[in-house]
Structure formats: C-alpha cells, structure tokens
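The values are calculated or read from the model by the stated rules, or taken from the named source; none is laboratory data. What you see is a predicted model; the values in this text were computed from it and never measured. FYI the Cβ positions are ideal-geometry reconstructions off the backbone, even for glycines, and counts take in every protein chain you see.
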Number of protein chains: 4
Amino acid sequence: MNSFGNRFRLTSFGESHGAAVGGIIDGMEPGIAIDLDAVQRELDRRRPGQSAVTTARNEKDRVEVLSGMFEGKTTGTPIGFIVRNADQHSNDYDNLRDVFRPSHADYTYMAKYGIRDHRGGGRSSARETISRVVAGAFARQALALRGITVTAYASQIGNIVLDTPYQDLDLSLVESNVVRCPDLATAERMIELVKQVKADGDTIGGVVTCVVQGVPAGIGDPVFDKLHARLASAMMSINAAKGFEYGMGFAGAARRGTEVIDIWSTAADHIKALSNYSGGIQGGISNGEDIYMRVAFKPVATLLRDVQTVDIHGNPAVVRAKGRHDPCVIPRAVPIVEAMAAMTIYDAYLLT
Amino acid sequence: MNSFGNRFRLTSFGESHGAAVGGIIDGMEPGIAIDLDAVQRELDRRRPGQSAVTTARNEKDRVEVLSGMFEGKTTGTPIGFIVRNADQHSNDYDNLRDVFRPSHADYTYMAKYGIRDHRGGGRSSARETISRVVAGAFARQALALRGITVTAYASQIGNIVLDTPYQDLDLSLVESNVVRCPDLATAERMIELVKQVKADGDTIGGVVTCVVQGVPAGIGDPVFDKLHARLASAMMSINAAKGFEYGMGFAGAARRGTEVIDIWSTAADHIKALSNYSGGIQGGISNGEDIYMRVAFKPVATLLRDVQTVDIHGNPAVVRAKGRHDPCVIPRAVPIVEAMAAMTIYDAYLLT
Amino acid sequence: MNSFGNRFRLTSFGESHGAAVGGIIDGMEPGIAIDLDAVQRELDRRRPGQSAVTTARNEKDRVEVLSGMFEGKTTGTPIGFIVRNADQHSNDYDNLRDVFRPSHADYTYMAKYGIRDHRGGGRSSARETISRVVAGAFARQALALRGITVTAYASQIGNIVLDTPYQDLDLSLVESNVVRCPDLATAERMIELVKQVKADGDTIGGVVTCVVQGVPAGIGDPVFDKLHARLASAMMSINAAKGFEYGMGFAGAARRGTEVIDIWSTAADHIKALSNYSGGIQGGISNGEDIYMRVAFKPVATLLRDVQTVDIHGNPAVVRAKGRHDPCVIPRAVPIVEAMAAMTIYDAYLLT
Amino acid sequence: MNSFGNRFRLTSFGESHGAAVGGIIDGMEPGIAIDLDAVQRELDRRRPGQSAVTTARNEKDRVEVLSGMFEGKTTGTPIGFIVRNADQHSNDYDNLRDVFRPSHADYTYMAKYGIRDHRGGGRSSARETISRVVAGAFARQALALRGITVTAYASQIGNIVLDTPYQDLDLSLVESNVVRCPDLATAERMIELVKQVKADGDTIGGVVTCVVQGVPAGIGDPVFDKLHARLASAMMSINAAKGFEYGMGFAGAARRGTEVIDIWSTAADHIKALSNYSGGIQGGISNGEDIYMRVAFKPVATLLRDVQTVDIHGNPAVVRAKGRHDPCVIPRAVPIVEAMAAMTIYDAYLLT
C-alpha cells in the first residue's frame, strides 16, 4: 500500500508522467500555523537541475494545498495536496516501451503487476518523493514547535568521506554548497568527483548522515516498532538506499561492551549519559540524547551512456543515454532523508 | 504495539520473569502440515547455555501449541502458543529495583511508561525473542513448501571477519560449531576471541549474514513497504541490532554505476541478471535472485563485571556482575535473524 | 483517520468549502479497464438539485483522475482524484461562525479538535461522500467483472414503507423516479410526502435497502471482521445513518429457530440453502446466496426554518433557514450505500 | 485477522475443542490496578449452565494471566491470558464430521479454508467470546477510573418486549434474574417463554440494550471511524447478531426533523442538549450525553431436535439433537455486549 505512518500518515499517489503527483496527510494536529512558503522551499530543495553538478531538467513543482487548513492553521482534518507534472516528456520514454532497464524496477513491476508502464518507471520514479518532502515539511513544522530539529547532510560521495563527528561540524553550512556537505573543503572534493563522474557518463553513490535533536525521552516502542526500526524502514524506503545504521552502527560490531556502554550520570538536575554510542535510543525508546543515523545510497542505475539489456521478449536491446539524470543522488537525498526522519519522529511522538 | 506483520502476523507477550512468554500467529495458511519437533529445535537453537562460549543458564523452554491445528495440520485459525518461564530468578533482580543499567532500556521504559519493572528488563529481555523464533519456525515450514529457504550465519565477531561471499561457503556447516560460522578456520578464531572476552568479563559485537533463496520474482511493494524496508525494520527490531544492509550495502556508496549495475541476459529460457549487486530486490520487489543482507549487533551492555551507574533518584549506584549473560550475542542471533527473515518474506508472499 | 478498507482502501480529504475534495484509491487491481464516464455518472447520481423533491443547489462536480491509469486501464498504482468545489459560498456560513447547530457535529468537532471551522461543517459535510462514490464506482467495475452487482433503493420514507421483498421487485426501475423507489405506486406516495415535508420547512428520514448478488461462497472473516460487521461499519459511517440490519435483522429477535434456519439441499449439482434468513452470510463468511441489508437514516438536522440554539459562549442564538438542503436524504443516500457496499465487498474479496 | 481495536487491541485464539482459548491485550495503560477477581466474575457471567433456563454444560473457565502485570498493576506491556478447555467432548462431534449444519458456519468455513474442522464449529464457537469478556473486563476497569460505566440488559426475548426507556429502569436489577432483564415482571414473562421454547426443543431470539454513561465530549472520529460505526462493527461481530441501532435508530426513519433534533441549552454552566435522540454521538464524536444502542440476535441455529441437512458430498444427512445448547442466547449475550462496548469506548478514548 502507499501509506506511511500510523497517527501521522502520508498516503501518496502519482507517476512521473501522469497528470500530477500528490498525497493526503492524515493525523496532523489541529491549530498549528503552517508556513506554506517553507513547505515550498523544502520542495525546491529536492528539485533536480539546481547546479552544475546536477542535471538540466527544470521541473517547476508548485505544491497546491486543497484542504485541511483554515485561516493559515491546520484544522485536524486531512490535508490534500497536489503537484502538477508540468512537463511530462512521455514520448522520451517510447524507446523504453518494451525494454527492461538494468538495476531498475521495470522487470520486477512486470512480475508483480503483469503490466508494463514504461513511462519513466511508474511509482519507482524519483518524482514519488515529492509527496514525502511535502508531508515531511508539515511534520517538521509541528516538531519545531517542540524544539525538535532534523538536519541531514552528505557525509560521503564515492570515496570522498567526511568522518568528522557531526558535533564538530557547523551544520548551518549544509546549504552553502551544491553537494550539501557542511565541511567546505570536503564539499569541494565531492564536487570535483561528481563533475568527473558526469563527464564520464557515469553515476556515483554516497552516504547521508542525519541528526535529530531535541527529542524528549520516552518516544518509541519496545519490541517490533522500536524507534530505530521505524527509522530504518523509513530510510530504506527511499529509492537507491542500500544500508542503514544508527548510533555506533556497523562499527559497533567490532567493539567490546566496556568500550561502548553509555554510563549514566546526573549532570545538573537530570539524568544524562556521558556518551552516546546508543544513538539516542535504548530498547527502542528515545533517551533524550541526539538521534543520529547514516543511510547508504548506491549509484543510480540510469547511466549517461548506452547500456545493453533485454526486452520483454528476452531479445537483446539497448537503453539509450538521455543525459537528464543526476550523476549523484546524494544532494537530492538530503531533504528526502530529513523528510522521512521528520515524519517518523512526529508519528512516534503522536503515538506516545 | 506488540504485533509484527500484516497477512502473517505474530502478536507476542511475556516478560522474562513472568509466568510465561508466548504469542499468537495469525494468518497462517490452512492445511499445512507442521513438524512441531522442528519448531522445538529452532527454539533450542536460541537457548543460552549451549556451550563453553555461552553462559550457564539452562532454560528449559518447551513450546506448547494451544490452538489452530487439527490432526497435525494448520486450520487457518490463529495459533496460540506459550512457553513457561520455568525458573524465574526474580530475586536475582532485587538489587536492580531502583537502578538504571547503562545502555539498557531501564531509563527509557521509565520515561515512557512511568513504571519501573526491574525484573530483568521487562519486554526488552532476550526472552521476548522466543515468540519470534516459534513464529518464524512456522513461517519457514510454509516457505519450504515453495522451495524458499532462509540461512543465516556469523560473518563477524569483533575484529574477526569472514569476508568470503556466501556463494563460496558451505552453509551446511553453520551448525557445526558453537559460533555458527560456516568457515571452520574462522570459527576457531571467533571461538578463541569469545573465550578471551568472557575471561575479561567483557562482551563483544558482530555481524550476522542472512541469505534467502528461492523467492520468486514479484514479491514486495514499490513505495513505502519495499521488501528491503520491511526486512530492515524486522532486523532492526532485534535487540542490540545497530545496522542493516542488503545487496551491495554500504560498500555501494563508494561505487560507480557502471561497476554495479546488474545486466539482464536471457540464460536458457528466462530473463536473468548476470550479477546481483541489487541483492535480489529492485524497486522494492524481488527479482528472483538470492536476497542477502547483513545485520550488525553491538556488544550487549550486560557486562560480566561491576558497572557504575545511577539510581532512579539520580544517586550513584553499582550494577553488580551476575555472570549469566552470553559474552557474544551473535550465535544466538543467528536463529532470530532467520526467524525475522522468514516471517517477513512469508508475509510479503501472502500479501502478493 | 480518513481511510476505509484494507486491501482496497480509500483515503479521502476535503471540506465542503475548501478548494477541492478528493481521495486516493489504493489496492485497485492492475489491468482493469475503467469506464470513467460511468464513474462520473455515479457522481452525478449523488448530486443534490436533481428534481422538484430535492433542492436547487447545482453543484457541478467533475472528477479528475490524476494517476494510476494508463491507456484506459488501471496499473495497480494508487489512483489519485480530485473534484473541485466550484462554488464555495463560504460567506453563506458567516452567520454560523460562533453558533452550534443542533444535532450537527459543530459542538463535537469543537470538543475534539478545539477549533471551530464554521464553513458548512467541515468533514461532516455531505460533500465528503463524493470521494466514497468515486471509489465505489471503481470497486463496482472490478466487481462487475466477477458478476457481482450491487443495487440499493428507497424502501421507506417517513411512514411510507415498501415491504415487498426485493426478489419481487423490478430493480431496473430504481432510477425511474426521483426518490429511487422501484415500486412506482409507492414512489408516488413518497414523492407526495417529501413535497409536503418541504412545504412545511421540515425534513424526513427513511430506509435504504441494498442487495449484493453474485458473491461467491467463502468471502469474509470468522471473528472480529465478519463480513456483516464490516458492512455495518461501512453503512453506519454514512452521515445520518442510525441503524443497520442484514438478513432477518431485528425481525429475527422475535422468531424461533425452527422458523428461520436455512435448510441445506442439493439443488442440481451444488449445495444450496432453501431459504435465506441468514442474508447470505454465515459465521461472518459469504455462503453464495444474496447478501441483503437495510440502513436507517434519521431526518437531517438542517431544517428549512429558523431554529433556536446556543453559540460557543453559551448564549442563545438562532440558526437561520437557508432553504438549500434536501428535505429527504434517502434518494441521495442510495448511491452512497451502493458505493460503501461495493468497496466493502471488493475489499473482502481481495483479502480472501 | 483475529484482532480487535487499535490502541487498545485484543488478539484472540482458540477453538472450542482445542487445549485452550485465550488472547493478548495490547495497549492497556500502565499503572492501573486490576481486580482479577472482578475479571473472573465477568467470565462467570458468560458461562452457560447457570440456571433452569440455560443448559447443563458446566464449564469451569478459570482465567490465567501470564504477563503484563506487576504487583497488581498493569505495566503497559501486553497481557497474555489463557483459559483451559477443561472438558473437550470432541467425540460428541464425531457425528458431525462430514455434515453441514444448517445456518451454521460449517459450509462457509469449508468454502473459505478448504478444511473441515468439525469439532464444534472452530472459531465460530461461542467459546471464542471468552477472550472478549476477559479483555472487556480490563477495559471496564480502566474506564471506571474515568467514571465511565457500561451496562447492558435483555430488552426483548421473542415477542416479549421491554419498551420502557432505560432512564426509567433500575439497572441495578439486571443481575437479579436469569434472563438479565431489569424489569422484574417482564423478566418473569421472558423466563416463562424461554422454558416453553426449551420444552419445545426450539430456540428463540431477542434484543440486548446497552448504555454507556460518563463518556466525555470529543471521543470518536468524524468520517469512516465514527464512534457509532465502530460500535456497530463491534456488536455485529458477536455471533448471531443481526441488527444494530443507536439513538433513535430505525424508529428515526419515520420521523420528521422538527420532532427529533436535540436543541442545545446552557443548563447551569455548560452546554447541554435538551433531548438525546442523537444517542450521545454527533458527527461520529461523543457529545457528553449517554450513548445507548440496541443489538438484535437471531435464535441460535443449534436446535434441541433433529434437523435435516446435507453432508459434504451433497447427500442427505441428519444433525442429531444434543440438548446442550442454550435455548436463548440473550442472557449470555449481555456481558459480551458490555465487553465489546467497553473495548470500543476505551480504544476510542485512547485514540483521542
């Protein structure tokens, strides 16, 4: 099904080459003043074609909110919204009518639905994330009222890795460069790499780090719906995500318990941990510390060069280069990761 | 809530030191012959105290199935089952009555529920996984009828890493040693490490690799409920899990698209990929290849030595060593990872 | 939440006086050819202002389908649709800004949401049913492919009761008159009554009977989700519904078992019941006979005369007559009852 | 599936002739002191064989709570419970092995599951309601802390109808007689009727009225999950229920709006309706008045005489009288209706 969340729930619709994409946000609290310009700005952040390192497709995505607000505030009723697909290019895709692109969802969709909608990948298109970003923007504004913030950034592109802990970075610099890396020297190297990859007609993967600050203790569930299990599901539902870790993550596999337990102390007047290897969640429930996580993305499979494949009859075929996709998904993934984190945390908050 | 899955759903109950743990399996297909001895054997695999590298607690866990079967077959009605907690040791825990153990769920439970059930961690106890293993055993038997198998093994303990691809291992050797590593030389080194860790009164993390074979193409969902998003959630819901990756995983972040796309060919009479960087899932839906994944576990926080902490009043306190927990969670995590994979795949199968 | 159904699920949005109403249909099977004109015709059937017995509001409701279809067929992806609110009249409602209308949801909404959206009742408006009718029309077309039909009609308006069994009526006559009663003599009397009620500035209640034919045996669930429990919930979710019964219904309370058991026989080559007091459902699961039910509606509370009430401060106030609402909800309820029945049966069908 | 509710959720298991019935209560608030004797008393109320008008089966149903409580209070974790089936009589049912009993679920279960579990009807057995009564008893205790009470009684058995409004009855008398009718003269007549029906080897239907008092305004949902839609679904999920109405119910179909609107006034210092035709719910949300409803039950189909039927091969067969079922379901339905009302209201309360 096409719904995400429990108490705060996004249901989305829309293919890349239909009339519109959109969704319904259900469960938003009533009486919250929403800055719709800020929602639009989030949407602008996920748009391709923003810079030299991204592609030339100039999508004019304007969100139209159709319900659920009155005099600038939410009413508690569902928020319907749409974003028209201004420029549908569907004949661009006619050469894909009978072709299975490699490492795309063409073949698996055909296996599941018995139907071939060749126009840009149907629901597996990147345009599906528009609804996530809109709903995430609503969730962020509700969280902000509680002092909860969500910030993501590029921490790896290809073999360029930013391993400075997030606490030592100036996260206000994330938007200062096109790859969304808060360390400017690393950002420069990432930009160089992406340009080279683009020149090669290739694509490149990377990692997005996300930090959620201000979550009070007691949010989440102890067994199957552990807060980090929900976050994992949310992040892995983003196209091209291949891995998720939080707190000490995979690095913890090599460690001893004495190295990584978070000793409690009583700083000032409340109980606080001296370290945060746990990543802000213990037994599936937030403990009041920062929640931080990393999401790995593979290089997207739509290459900027011709690729050999087969068609639906099993005959050899070629996917022609189109030169319209981003060489690196990471900069656009940053606002999507933030949106998924915001929705997950707000949903868990409302469930508590 | 304490339910897992949609069409195949486990709802579980039970604390480590109550009368019993158990659950209800809902959605099992009717007419499936179940080998209850095989269910019990799975349960035996997760038991602590099986060897020198694990601890001495000798839990006698016998599963009793109370409903949903008739003349050896499932009837389609819910399967209730219980496992009595033979030996409740609750006074062992009296010294924990007012203490928050570090890196445990004690503090977060108190924050969420406003109550302190100090007896072994309540639902965060490892005994909660008994229900998972029982339900997973039912799912595995249903999957086996379709030729779908699930196999997990220890691929890392501490800094001992088995990086041979699973295709080059003899997976029938997993149960041949106490750490559940199919490479016997590596297993020896892992066993030595665990013994040393135990001698040090410490604990150690690791990684479990899991392979699901025989899944037909077309299983899963394309957007929020991608098959790998469900697997991620399932695995991250296991105690001490800190990371999840499938297919090329985090390694894919450093790769170029040309290196890792899975080119389609037409081997024999059906469409098949020449490689499997995708990990058997594309666009959230299975493509007929093996599904493989890795789950990282931190070292458990219950140490075999005294640890400084605070009590619920914020005063300094000590958690005394008890010497009853495993120094390494990985061997016991293997059957639990298998159970979660089996339930997830069977649920997705029934949803399709 | 604003979703209905499980495998076939409508999520809806929209207030009477916002920009649009609409919804997302999730779970529609792929590959089904949809007659969009037929969908529009269903929508036209629920429109007010169709005749002398209904009111003059001439809503021009055009459904726009935004996704989920390709070359005239469903694709299995979610179907987004909107219906613009052409004429929003919101200043008509300014006199209601601070007033609680009697027997409306004004007071209870305020109690729940802490907000007063006085524009026509928010989500409790009759326009909310537009989404139900659109989704129901899709479900009906999917059911029709299996030979399953849904027909409803007015069987009571005020004290005019049509007690002929549905089997003895010509259901093709339902649309032949403005009250949607297939017995023409009774229809005449109902029309006279509604005209009189309208002349009196009053409103009147009634009953809609609904028959579902062609459902195969085996659809539904045995315990909490009995097929008739789902139908009851579906029908009672329609505005102004006050009662539901199926099969022998309330009349069965006065009967003896020997009078009303449905004896099995073997007509021709299959097992068939000699009677259908059960109403086509036994133990929550369809038995292959007709499913029939009745839904009672109260007279709507928006009168065509001034009514005394209180405002939000507890002071006396008056709700002024507007003369725009139907005096009788029954004719418009007929297509809505059909839509709810179609969605419920199709959902249960897909779940099986 | 075998779950009921959202935030407060019962999942149940168990056939009449397996080892046990039971369930898991999920979502119970932590810290609530539970009187387990009161839970057992509710269970005793639903037991057959309590009097001359009921049958001789003397089930010894003892509830055993296995988890979720600590020192007499709920902990917020799931409450597992079982009730052993002391006396399984399964060979009583051998004569039913291949027979479809009329107006039972035998045929529909076979159609759905493809399996014939002839032992007393599987999940359609009345013993399935044991879990409902246990979970309802927990919900009632939680509601009682908020001053919310649930009371049901027999208001009709066969043609003996108690039409006194509930406000004019002394509801403390419900348990004073075996038919659970608070009007003693009517109770006498009901008892006479049931004795006669039993002597005739027949069964008889009836109606249960239920009143929920003390629900604050603002509980429920406005669209698909209207509070009365949930109540309808809950009640119709009880075996043998054929109809549901609340407030003015079916009688409202014959009324004019001017007769039945609930005018607001400002008694003392709060807003209050002068009448309660609405039945305590407006627009799906409670308004602070009493919620009252009626549930119709058919006569049960298990007769006390031989009945003609067919077997699974379509051949004529006979269901032999067993003389063990109640001639009238109403007295036992009273605590079940209360349990379903309590669970529904408590769930809606927690959702708000």
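Points to keep in mind about this one:
- In the set (1) modelled with pLDDT of 95 or more; (2) crowded, with 17+ Cβ neighbours inside 10 Å, the condition left unmet by C:Gly147 is number (2).
- Whichever residue in segment A:196-221 is small (Gly, Ala, Ser) and surrounded by 18 or more Cβ atoms within 10 Å (Cβ to Cβ) and, among such residues, is farthest from the other protein chains (Cβ to nearest Cβ): A:Gly220
- Pairs are defined by a Cβ separation below 8 Å, a sequence spacing of at least 6 or placement on different chains, a first member in segment B:99-112 that is within 12 Å of B:Thr302 (Cα to Cα), and a second member that is of a type in the set (S, T, N, Q) and in a loop (DSSP other than H, G, I, E, B); the pairs so defined are B:Arg101/B:Thr302; B:Ser103/A:Ser278; B:His104/B:Thr302.
- Considering residues of segment A:258-312 that are among the aliphatic types (A, V, I, L, M), assigned to a loop (DSSP other than H, G, I, E, B) and more than 7 Å from chain B (Cβ to nearest Cβ) only, the residue nearest to the chain's Cα centre (by Cα): A:Leu304
- Condition check for C:Ala38: surrounded by 21 or more Cβ atoms within 10 Å (Cβ to Cβ), modelled with pLDDT of 95 or more and either among the aliphatic types (A, V, I, L, M) or assigned to a loop (DSSP other than H, G, I, E, B) (or both): no
- A:Ser67, sole failed condition from (1) outside any loop (DSSP other than H, G, I, E, B); (2) at pLDDT 90 or above: (1)
- Qualifying residue in segment D:306-324 (condition: aliphatic (A, V, I, L, M) and under 29 Å from C:Asn159 (Cα atoms)): no
Let's see how each residue does on (1) touching a residue at least 24 places away in the same chain (Cβ under 8 Å); (2) in a helix (DSSP H, G or I); (3) over 20 Å from C:Thr74 (Cβ atoms):
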position: A:Arg123; (1), (2), (3): yes, yes, no
position: A:Glu128; (1), (2), (3): yes, yes, no
position: A:Ser131; (1), (2), (3): yes, yes, no
position: A:Phe138; (1), (2), (3): yes, yes, yes
position: A:Thr151; (1), (2), (3): yes, no, yes
position: A:Val179; (1), (2), (3): yes, no, yes
position: A:Pro182; (1), (2), (3): yes, no, yes
position: A:Glu188; (1), (2), (3): no, yes, yes
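- Residue in segment D:251-268 that is over 30 Å from D:Ser131 (Cα atoms), in contact with a His (Cβ under 7 Å, 6 or more places away or on another chain) and not small (Gly, Ala, Ser) present: no
- Output for segment C:1-49, where each listed residue is among the polar types (S, T, N, Q) and farther than 22 Å from C:Glu71 by Cα: C:Asn2, C:Ser3, C:Asn6, C:Thr11, C:Ser12, C:Ser16
- In segment B:153-177, of all residues being part of a loop (DSSP other than H, G, I, E, B) and not β-branched (Val, Ile, Thr), the one that is farthest from B:Ala33 (Cα to Cα) corresponds to B:Asn159.
- Within segment C:302-318, being among the hydrophobic types (A, V, I, L, M, F, W, C), surrounded by fewer than 24 Cβ atoms within 10 Å (Cβ to Cβ) and at pLDDT below 85 holds for C:Leu304, C:Val307, C:Ile312.
- Matching residues, segment C:313-324, being at the interface with another protein chain (Cβ under 10 Å from one of its Cβ atoms) and not in a strand (DSSP E or B): C:His313, C:Gly314, C:Asn315
- Residues considered: D:Leu143, D:Leu227, D:Leu193. Of these, the only one that is out of contact with any Pro (no Cβ under 7 Å at 6 or more places or on another chain), within 14 Å of chain C (Cβ to nearest Cβ) and over 23 Å from D:Pro327 (Cβ atoms) is D:Leu227.
- Here the condition is being at pLDDT below 90 and touching a helix residue (DSSP H, G or I) at 6+ places or on another chain (Cβ under 8 Å); of D:Ile263, D:Ile271, D:Ile285, D:Ile281, it holds for D:Ile271 alone.
- Within segment B:244-257, tally of residues that are modelled with pLDDT under 95 and more than 7 Å from chain A (Cβ to nearest Cβ): 0
- Residue count for segment D:225-246, restricted to those that are without any contact (Cβ under 8 Å) to a residue 60 or more places away in the chain and surrounded by fewer than 23 Cβ atoms within 10 Å (Cβ to Cβ): 1
- Those residues of segment B:201-220 which are more than 21 Å from B:Tyr277 (Cβ to Cβ) and in contact with a helix residue (DSSP H, G or I) (Cβ under 8 Å, 6 or more places away or on another chain), in sequence order: B:Asp202, B:Thr203, B:Ile204, B:Gly205, B:Gly206
- Residue check, D:Asn58 modelled with pLDDT under 90 and part of a helix (DSSP H, G or I): no
- Residue check, C:Ala241 within 22 Å of the chain's Cα centre (by Cα), among the aliphatic types (A, V, I, L, M), under 26 Å from C:Asp183 (Cα atoms) and more than 7 Å from every other protein chain (Cβ to nearest Cβ): yes
Here is a yes/no grid of residues against (1) out of contact with any strand residue (DSSP E or B) (no Cβ under 7 Å at 6 or more places or on another chain); (2) among the small types (Gly, Ala, Ser):
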{"site": "B:Gln167", "(1), (2)": "yes, no"}
{"site": "B:Asp170", "(1), (2)": "yes, no"}
{"site": "B:Ser176", "(1), (2)": "yes, yes"}
{"site": "B:Cys181", "(1), (2)": "no, no"}
{"site": "B:Glu192", "(1), (2)": "yes, no"}
{"site": "B:Asp202", "(1), (2)": "no, no"}
{"site": "B:Cys210", "(1), (2)": "no, no"}
{"site": "B:Leu227", "(1), (2)": "no, no"}
{"site": "B:Asn239", "(1), (2)": "yes, no"}
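- Test: residue in segment D:338-349 that is more than 16 Å from D:Leu143 (Cβ to Cβ), within 10 Å of chain C (Cβ to nearest Cβ) and crowded, with 24+ Cβ neighbours inside 10 Å: no
- For segment B:216-233, the criterion of being within 24 Å of the chain's Cα centre (by Cα) and among the polar types (S, T, N, Q) is satisfied by at least one residue.
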